[in-house]
């Protein structure tokens, strides 16, 4: 999924971290290793990124959410913009 979104130029960069999750699913508390995936993209690309994640993710209900940068180094923001312009 990470490679596909970068190849499609929907995300400039993707970071993956292994995490331990506890969550309720089907009325049972689950405890699983999962992966947090951070896609660096623009607000304009959000819907395309969400659509791609939903297409490629194996979960019935993937956790998809976004947060905006309050401050970002301008050259880095420009790099994200130029590398997540879509195909």
Residue within segment 16-27 that is in a strand (DSSP E or B), at pLDDT 95 or above and touching a helix residue (DSSP H, G or I) at 6+ places or on another chain (Cβ under 8 Å) present: yes
Leading residue by the ranking (surrounded by the most Cβ atoms within 10 Å (Cβ to Cβ)) among those in segment 20-45 that are closer than 20 Å to residue 58 by Cα and under 15 Å from the mean Cα position of the chain (by Cα): 39
Counted residues, segment 41-63 - those being in contact with a helix residue (DSSP H, G or I) (Cβ under 9 Å, 6 or more places away or on another chain) and either part of a loop (DSSP other than H, G, I, E, B) or farther than 28 Å from residue 78 by Cα (or both): 3
Odd one out for residue 75 among (1) free of Cβ contacts under 8 Å to residues at least 40 places away in the same chain; (2) part of a helix (DSSP H, G or I); (3) surrounded by 13 or more Cβ atoms within 10 Å (Cβ to Cβ): (3)
Matching residues, segment 2-19, being surrounded by fewer than 16 Cβ atoms within 10 Å (Cβ to Cβ) and without any contact (Cβ under 8 Å) to a residue 60 or more places away in the chain: 3, 4, 7, 15, 16, 17, 18, 19
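The values are calculated or read from the model by the stated rules, or taken from the named source; none is laboratory data. Note that the coordinates shown come from a computational prediction; the quantities given were computed from them, not determined experimentally. Neighbour counts are summed over all protein chains in view; Cβ atoms, including those assigned to glycine, are modelled from backbone coordinates with ideal geometry.
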